[in-house]
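Undergrad: The structure follows.
The values are calculated or read from the model by the stated rules, or taken from the named source; none is laboratory data. Just so we're clear, the structure is a prediction, and the values are computed from it rather than from any experiment. Here the Cβ positions follow ideal geometry from the backbone for every residue, glycine too, while neighbour counts run over all protein chains shown.
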Amino acid sequence: MSNAIAKEVAKRRTFAIISHPDAGKTTITERLLLMGQAINVAGTVKARKSDRHATSDWMAMEKQRGISVSTSVMQFPYRECMINLLDTPGHEDFSEDTYRTLTAVDSALMVLDGGKGVEPRTIALMEVCRLRDTPIVSFVNKLDRDIRDPIELLDEIEAVLNIKAAPITWPIGCYRDFKGVYHLQGDYIIVYQPGHGHERTEQQRIQGLDSAEARDYLGDDYDNFVEELELVQGACHSFEPEAFLKGEMTPVFFGTALGNFGVDQVLDAVVDWAPAPLPRPANERQVEATEAPFTGFIFKIQANMDPKHRDRIAFMRICSGHYEKGMKLHQVRTGKDVRIADALTFFAAEREHLEEAWAGDIIGLHNHGTIQIGDTFTEGEKLGFTGIPHFAPELFRRVRLKDPLKSKQLRQGLQELAEEGATQVFFPERNNDIILGAVGVLQFDVVASRLKEEYKVECLYEPINVWSARWIESDDKKKLEEFRNKAVENLAVDGGGHLTYLAPTRVNLSLTEERWPDIRFRATREHH
Ligand code: GDP
């Protein structure tokens with residue numbers, strides 16, 4: 001069995017794409033799926049996306065604002081590997097969701113717009129990857145347009161993102177003169193054939209830059225290109241797999257996602273160099289992916305993913321072992337055992353029932369309100385995976401109903417949407433208000449629009465005097481009780497049932513913290 005696990009684990013590659021909006025993440029995702037034979041014609045994913053837009057106000061809003069809100073998970077085979085690709089939302093208001101998604105991967109693909117280089121969102125996402133030294137493969141996109149000087153782009157990656165950049169391929173021209181890329185170590189040219197963006201094409205190669213064929217292909221540009229290469233080879237790092245695995249060096253590829261050129265090299269790099277599922281830290285010990293007993297954690301919950309099904313899916317990263325349909329899993333937080341017979345896997349835009357899965361895979365569980373983000377599942381061991389935090393919201397609104405008879409639906413809707421982790425709902429101890437907290441202001445609009453669409457409830461927001469929220473903990477039960485009585489005006493319970501202090505001002509919070517040294521006021525909450 002453990003041999004079988006080791007074999008399956010070695011085949012897994014689980015990664016996410018990080019990029020600034022518009023750099024080409026959606027396009028490259030489609031091309032990757034095309035390569036994994038998960039779709040036959042590029043454009044399929046987009047088409048589905050717009051179907052969904054038509055059926056949902058929320059999606060309409062997403063489209064109108066040009067942001068991608070939902071995270072998707074996709075699995076497809078490529079070469080000898082099974083690839084799990086996790087999509088991350090691009091807009092900064094959804095950074096928490098992105099943060100948690102990045103805890104579920106073993107490597108990341110950074111996509112840069114060649115005309116723009118490193119952009120603000122790229123920097124923020126790289127900072128998150130840094131926290132776990134996640135290995136990064138880089139792709140400079142849009143070579144079919146005018147791009148910035150590639151040497152300058154590499155310098156920018158190194159200086160701004162503080163990571164060594166090692167070019168694996170080098171572009172030959174760009175825009176109308178884009179002829180392809182030269183593979184530095186392999187000493188061959190990969191010829192760019194425009195007009196094949198939507199299909200799988202065989203690579204056309206010219207071996208040897210010194211060959212007559214290469215001279216002929218580059219024509220008048222030949223001498224300049226050779227000169228440029230000498231400069232590049234003198235000035236740039238050569239690729240070191242060890243440094244890549246430590247997150248200190250990124251291999252860089254050039255191409256055009258739209259033209260489906262260069263994407264296969266990126267996927268080959270993921271297969272050849274990116275790590276198979278890595279060990280995960282838990283409170284109690286480190287868990288190796290190849291251990292036989294099953295373990296996994298929930299990094300994302302999404303409500304009403306499919307308007308036809310109206311259900312909530314909890315996404316689990318399997319950290320070790322093997323899932324088999326019908327197996328009994330132990331939910332560590334609640335201490336309950338649940339039989340899982342209908343886990344889902346995600347293939348392109350489709351979901352399918354799953355027979356088995358291995359460490360590194362992402363599976364979907366139906367959630368009826370019992371699963372929370374951060375939950376660990378095992379075959380019985382008491383383990384808690386770490387590093388999947390909730391952040392204290394920074395913006396607060398009081399939620400008011402337009403139709404007072406719908407308060408049950410409102411509570412249910414807010415509670416279910418809060419499970420997704422991008423917003424948090426608070427029920428004050430002293431009155432019947434409902435307070436919604438979020439990290440980004442756009443979240444309030446998303447929630448209002450989804451409440452209307454998915455729960456048929458219309459709500460309004462009112463300002464409320466809350467500056468920040470802190471989760472309350474204490475080892476001293478008596479003190480905690482005393483605090484509960486004294487501070488009742490500012491106490492609330494969040495959607496997960498945790499006691500929270502809603503501080504009206506920064507000053508109030510620091511005074512309260514000083515007055516109650518036995519109480520911990522936490523700005524992040526992790527499940528223990
Ligand atoms: P995302 O916001 O990162 O998901 O970016 P998209 O994949 O939606 O791409 C943003 C825009 O750039 C779209 O209009 C794409 O068609 C375009 N685009 C993506 N890749 C390329 C490329 O290689 N060349 C050109 N010219 N346009 C591209």
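Undergrad: Restrict the check to the stretch 473-485 and report whether at least one residue is outside the structural domain of H368 (by the TED database), touching a residue at least 60 places away in the same chain (Cβ under 8 Å) and outside any helix (DSSP H, G or I).
TA: Looking only at the stretch 473-485, we keep the residues that are outside the structural domain of H368 (by the TED database), and these are 473-485.
Cutting the leftovers down to touching a residue at least 60 places away in the same chain (Cβ under 8 Å) gives us none.
Checking the stretch 473-485: not a single residue is outside the structural domain of H368 (by the TED database), touching a residue at least 60 places away in the same chain (Cβ under 8 Å) and outside any helix (DSSP H, G or I).
Undergrad: Further question on the same structure: Which of the residues spanning the stretch 3-25 are without any contact (Cβ under 8 Å) to a residue 60 or more places away in the chain and buried (at least 19 other Cβ atoms within 10 Å of the Cβ)?
TA: The answer is none; no residue qualifies.
Undergrad: Also: So R506 fits all but one of (1) loosely packed, with under 14 Cβ neighbours inside 10 Å; (2) touching a Ser or Thr at 6+ places or on another chain (Cβ under 8 Å); (3) closer than 20 Å to I388 by Cα; what number is the exception?
TA: (3)
Undergrad: Something else: Go through the stretch 257-297 and report how many residues are touching a Pro at 6+ places or on another chain (Cβ under 9 Å), assigned to a strand (DSSP E or B) and of a type in the set (S, T, N, Q).
TA: 1
Undergrad: Name the pairs: first residue in the stretch 256-275 and over 19 Å from F239 (Cα atoms), second residue acidic (D, E) and within 14 Å of the ligand (Cβ to nearest atom), Cβ to Cβ under 7 Å, at least 6 apart or on different chains?
TA: That search, which allows pairs on different chains as well, returns T256/D144; L258/D144; G259/D144.
Undergrad: Right, here's the next one. Take the residues of the stretch 412-446 that are of a type in the set (V, I, T) and in a strand (DSSP E or B): which is surrounded by the most Cβ atoms within 10 Å (Cβ to Cβ)?
TA: Here the residue is V425.
Undergrad: Failed condition for Q64, given (1) away from the ligand (no atom under 15 Å from the Cβ); (2) at pLDDT below 50, with all others met?
TA: (1)
Undergrad: While we're on this one: So which strands (runs of 3 or more DSSP E) stay within the stretch 128-208 end to end and still have 2 or more residues that are farther than 20 Å from S238 by Cβ and in contact (Cβ under 8 Å) with a residue 24 or more places away in the chain? So that I can check it myself, show each step before the final result.
TA: Values: elements: 136-141, 164-167, 169-172, 180-183, 188-191, 205-207.
Here the list is empty.
Undergrad: Hey, does the stretch 447-466 have a residue that's assigned to a loop (DSSP other than H, G, I, E, B), of a type in the set (S, T, Y) and in contact (Cβ under 8 Å) with a residue 24 or more places away in the chain?
TA: No, there is no match, as no residue in the stretch 447-466 is assigned to a loop (DSSP other than H, G, I, E, B), of a type in the set (S, T, Y) and in contact (Cβ under 8 Å) with a residue 24 or more places away in the chain.
Undergrad: Could you tell me whether F178 is within 16 Å of the ligand (Cβ to nearest atom), surrounded by 15 or more Cβ atoms within 10 Å (Cβ to Cβ), of a type outside the set (D, E) and within 23 Å of the chain's Cα centre (by Cα)?
TA: The answer is no for F178.
Undergrad: Follow-up question, since we're still on this one. Quick one: count up the residues across the stretch 231-265 that are among the charged types (D, E, K, R), loosely packed, with under 15 Cβ neighbours inside 10 Å and either within 16 Å of the ligand (Cβ to nearest atom) or modelled with pLDDT under 95 (or both).
TA: 0
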